[in-house]
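Data block below; observations after.
The values are calculated or read from the model by the stated rules, or taken from the named source; none is laboratory data. Every value quoted in this text rests on a predicted model; they were computed, and no experiment measured them. When we count neighbours, we look across all protein chains shown, and the Cβ atoms used for this are built from the backbone with ideal geometry, even at glycine.
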Amino acid sequence: MVKFGVIVVPGSNCDHDALYVLKHILKQDAVPLWHKTTDLQGCDAIIVPGGFSYGDYLRAGALAKYAPIMKEVAAFSKDGGYVVGICNGFQILCEAGLLPGTLLLNTQPHSGRHYSCKNIQLISQNYDSALTSGIPQGKGLTIPIAHGEGRYFADAETLEKLNKNGQVIFKYCNEKGEITADSNPNGSLENIAGICNETRNVFGMMPHPERASDEHLGNTDGRYILNSLIKAVEAKKEELVNA
C-alpha cells in the first residue's frame, strides 16, 4: 500500500476528490497535508491538487509556492520522492521551480481567455514514466479539464530540452489519437498537457485523472494514470527495502 499526502491550501477544491479516489476507489492510504505544516507524515508520494490556491491572486499558483509545506515538498522531490501536480498543482510546481515553463491564460478560439470545463482526449508521449507505464501504447484517454490558465508555455530552448529528454508525457489529441490544432483546448505549445522534470519524479498535468476514476461518473480512464503511479511508488519502496 502507498501512503499519499494531498496538499491542502486555502482555495483548494480538488483535494477531497483526490483523497476520495485514492482511499476509497484505489484502496491506498491518503492523508491531507495542511499548507502551514512542515511534516509530510512519512508519505511515499505527494499530490498537489487542483483548485484556486489563495484565490489565484497575482496569477495561478504564484502565492502557493511560498506555503511552508512547499519547502518540504521541494526537499522531498530532491531526494527522489514522487510529486504530482494536477491543474492548479501543475501551476504551483512551475511557479515553485520544480517544473520548467509556465501556464498562461487560455487562448484557443473556442476557449479564448475563458475558463474551460469539459472532457478532452489525451495521449501519452512515452510509456516509461511513473504516470504512463500502465497505459496501453497508443490508447487515447478521456480526461476532464477545468481551468482558465492552462496554456503551457516555455521558451524555445526549454521546449527543445523537454522534447529531447522525453519530458513531455501527455499531449491533447482527438478521438482518433491524432495530435491536431483543433484538439488543443487552450493554446498550449505543441498541444502539451503534461510534463515531468529531468529525473522523472516530479510531474505536472492540467487534466484531472482523479475526476475520471469513479465508475459512478461513467469514466475510469484516470485510473490508468493513478495506478501507474501506485505501481511505480510500490516498486521504489521495494527497491529501497532490498537495497
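Against the definition (within 20 Å of H147 (Cα to Cα) and of a type outside the set (V, I, T)), how does N197 come out, yes or no? So that I can check it myself, show each step before the final result.
On the way: within 20 Å of H147 (Cα to Cα): no; of a type outside the set (V, I, T): yes.
Judged against the criteria, N197 is not a match.
Would you point out the residue of the range 99-116, among those that are of a type in the set (A, V, I, L, M, F, W, C) and surrounded by fewer than 22 Cβ atoms within 10 Å (Cβ to Cβ), that is modelled with the lowest pLDDT?
Residues of the range 99-116 of a type in the set (A, V, I, L, M, F, W, C): 99, 103-105.
Now drop any that are not surrounded by fewer than 22 Cβ atoms within 10 Å (Cβ to Cβ), which leaves 104-105.
On the way: L104: 94, L105: 91.
If we take residues in the range 99-116 being of a type in the set (A, V, I, L, M, F, W, C) and surrounded by fewer than 22 Cβ atoms within 10 Å (Cβ to Cβ), then L105 is modelled with the lowest pLDDT.
Of I120, I135, which residue is β-branched (V, I, T) and not in a loop (DSSP other than H, G, I, E, B)? Give the derivation first.
Working: I135 fails: not in a loop (DSSP other than H, G, I, E, B).
Being β-branched (V, I, T) and not in a loop (DSSP other than H, G, I, E, B) holds for just one of I120, I135, which is I120.
Of T180, T142, which residue is modelled with pLDDT of 95 or more, touching an Asp or Glu at 6+ places or on another chain (Cβ under 6 Å) and more than 18 Å from F203 (Cβ to Cβ)?
Details: T180 fails: touching an Asp or Glu at 6+ places or on another chain (Cβ under 6 Å).
The conditions single out T142.
Pairs needed: first member in the range 177-188, at positive phi; second member anywhere, of a type in the set (V, I, T) and part of a loop (DSSP other than H, G, I, E, B); C-beta distance under 6 Å; at least 6 residues apart or different chains.
Correct list of pairs: G187/T107.
Does the range 30-50 hold any residues that are at pLDDT 95 or above, among the β-branched types (V, I, T) and in a loop (DSSP other than H, G, I, E, B), and which are they?
Within the range 30-50, none qualify.
Only one of (1) modelled with pLDDT under 95; (2) surrounded by 22 or more Cβ atoms within 10 Å (Cβ to Cβ) is not met by V241, so which one is it?
(2)
Conditions (1) surrounded by fewer than 18 Cβ atoms within 10 Å (Cβ to Cβ); (2) within 29 Å of V2 (Cβ to Cβ); (3) charged (D, E, K, R), marked per residue:
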position	(1), (2), (3)
K118	yes, no, yes
Q137	yes, yes, no
G140	no, yes, no
P144	no, yes, no
F153	yes, no, no
N174	yes, no, no
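Check off (1) hydrophobic (A, V, I, L, M, F, W, C); (2) outside any loop (DSSP other than H, G, I, E, B); (3) touching a helix residue (DSSP H, G or I) at 6+ places or on another chain (Cβ under 6 Å); (4) surrounded by fewer than 19 Cβ atoms within 10 Å (Cβ to Cβ) for A75 and give me the number that stays unchecked.
Answer for A75: the failing condition is (3).
Out of curiosity, is E190 closer than 24 Å to S116 by Cβ, assigned to a helix (DSSP H, G or I), modelled with pLDDT of 95 or more and over 15 Å from the mean Cα position of the chain (by Cα)? Break it down into steps so the answer makes sense when it comes.
Numbers: closer than 24 Å to S116 by Cβ: yes; assigned to a helix (DSSP H, G or I): yes; modelled with pLDDT of 95 or more: yes; over 15 Å from the mean Cα position of the chain (by Cα): yes.
Spelling it out, E190 is indeed closer than 24 Å to S116 by Cβ, assigned to a helix (DSSP H, G or I), modelled with pLDDT of 95 or more and over 15 Å from the mean Cα position of the chain (by Cα).
Which ones in the range 55-79 are over 10 Å from V9 (Cβ atoms) and free of Cβ contacts under 8 Å to residues at least 24 places away in the same chain?
Y57, L58, Y66, A75, K78, D79
Would you pick out the residues in the range 197-243 that are out of contact with any Pro (no Cβ under 9 Å at 6 or more places or on another chain) and small (G, A, S)?
G204, S213, G218, S228, A232, A235, A243 - these are the residues of the range 197-243 that are out of contact with any Pro (no Cβ under 9 Å at 6 or more places or on another chain) and small (G, A, S).
What about S116, is it of a type in the set (S, T, N, Q) and within 15 Å of the chain's Cα centre (by Cα)?
Numbers: of a type in the set (S, T, N, Q): yes; within 15 Å of the chain's Cα centre (by Cα): no.
Considered against the rule, which asks whether it is of a type in the set (S, T, N, Q) and within 15 Å of the chain's Cα centre (by Cα), S116 comes out as no.
Identify the residue in the range 1-29 that is modelled with pLDDT under 95 and among the polar types (S, T, N, Q) and, among all such residues, is surrounded by the fewest Cβ atoms within 10 Å (Cβ to Cβ).
Among them, the one singled out is N13.
If I go through the range 147-165 residue by residue, how many of them are modelled with pLDDT under 95 and assigned to a strand (DSSP E or B)?
1
Confirm whether S228 is surrounded by 15 or more Cβ atoms within 10 Å (Cβ to Cβ), among the hydroxyl-bearing types (S, T, Y) and over 14 Å from the mean Cα position of the chain (by Cα).
Numbers: surrounded by 15 or more Cβ atoms within 10 Å (Cβ to Cβ): yes; among the hydroxyl-bearing types (S, T, Y): yes; over 14 Å from the mean Cα position of the chain (by Cα): no.
The answer is no for S228.
Hey, can you tell me all the residues within the range 193-216 that are out of contact with any strand residue (DSSP E or B) (no Cβ under 9 Å at 6 or more places or on another chain) and part of a helix (DSSP H, G or I)?
Across the range 193-216, the qualifying residues are E215, H216.
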